[in-house]
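Q: Let me give you the structure first, and then I'll get to my questions.
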């Protein structure tokens with residue numbers, strides 16, 4: 001479902017010197033597989049996820065979704081590929097404060113032109129599964145952090161994407177809410193999605209098919 005070959009990414013320090021973040025990363029994730037990438041803050045985990053999900057361009061290497069070499073696509077085609085393949089879950093939730101919880105979930109469908117009664121029912125079913133259906137008419141500032149992340153999870157999976165990418169999804173949550181989100185993420189893998197989680201929290205690796213550590217720009221097996 002997801003394959004990365006030789007990913008390279010560098011940034012420039014204020015001094016102008018290049019900082020190598022990814023140094024030839026190879027990664028393959030099958031449908032139904034949960035892969036966890038660990039590493040300390042600043043090791044490049046979020047950059048790796050952004051390149052895998054086509055939010056950033058790498059300086060070298062390729063990303064494939066199934067048989068499509070998506071890293072070679074133009075900007076518009078990459079956007080369409082993201083909409084068709086990828087669900088994102090971020091530590092900072094990224095909910096729109098002017099929309100209700102339900103409206104935030106439904107944004108995922110509107111981006112790909114799938115809004116309708118059936119999609120609304122699916123959104124409400126997902127919200128019920130993670131315990132926030134009763135908060136559907138509340139705005140993000142009226143929700144706790146755990147509730148906001150549950151809403152964000154529903155948005156990420158509303159279109160049933162074959163690939164779910166989660167960036168520190170429990171980093172700002174307490175243990176109880178973090179456990180709910182991790183259980184929901186593992187459920188996506190059991191349902192057949194390819195799932196990649198980057199996290200510095202050891203509990204995120206429980207139940208993973210493969211765990212890597214990102215060190216000096218390369219993935220290491222523990």
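The values are calculated or read from the model by the stated rules, or taken from the named source; none is laboratory data. All of these numbers come straight from a predicted model, not from anything done at the bench. Note: ideal-geometry Cβ built from the backbone for every residue, glycine included; neighbour counts use all protein chains shown.
Q: If you scan region 118-140, which residues turn out to be surrounded by 15 or more Cβ atoms within 10 Å (Cβ to Cβ) and part of a loop (DSSP other than H, G, I, E, B)?
A: 130, 132, 136, 138, 139
Q: Of all the residues that make up region 62-93, how many are assigned to a loop (DSSP other than H, G, I, E, B), in contact with a helix residue (DSSP H, G or I) (Cβ under 7 Å, 6 or more places away or on another chain) and in contact (Cβ under 8 Å) with a residue 40 or more places away in the chain?
A: Total meeting the criteria: 1.
Residue-wise test of (1) in contact with a helix residue (DSSP H, G or I) (Cβ under 7 Å, 6 or more places away or on another chain); (2) buried (at least 18 other Cβ atoms within 10 Å of the Cβ); (3) under 24 Å from residue 92 (Cα atoms); (4) modelled with pLDDT of 95 or more.
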site: 7; (1), (2), (3), (4): yes, yes, no, yes
site: 13; (1), (2), (3), (4): no, no, no, no
site: 16; (1), (2), (3), (4): no, no, no, no
site: 26; (1), (2), (3), (4): no, no, no, yes
site: 31; (1), (2), (3), (4): no, no, no, yes
site: 41; (1), (2), (3), (4): no, no, yes, no
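Q: Kindly list the number of the only condition in (1) at pLDDT below 95; (2) under 16 Å from the mean Cα position of the chain (by Cα); (3) not in a loop (DSSP other than H, G, I, E, B) that fails for residue 186.
A: For residue 186, the failing item is (1).
Q: Can you work out which of the residues in region 189-222 that are surrounded by 14 or more Cβ atoms within 10 Å (Cβ to Cβ) and in a helix (DSSP H, G or I) is farthest from the chain's Cα centre (by Cα)?
A: 205
Q: Does residue 169 satisfy being closer than 27 Å to residue 47 by Cβ and not in a strand (DSSP E or B)?
A: The answer is yes for residue 169.
Q: Exactly one condition in (1) outside any helix (DSSP H, G or I); (2) over 26 Å from residue 3 (Cα atoms) is false for residue 56; which is it?
A: The number of the failed condition is (2).
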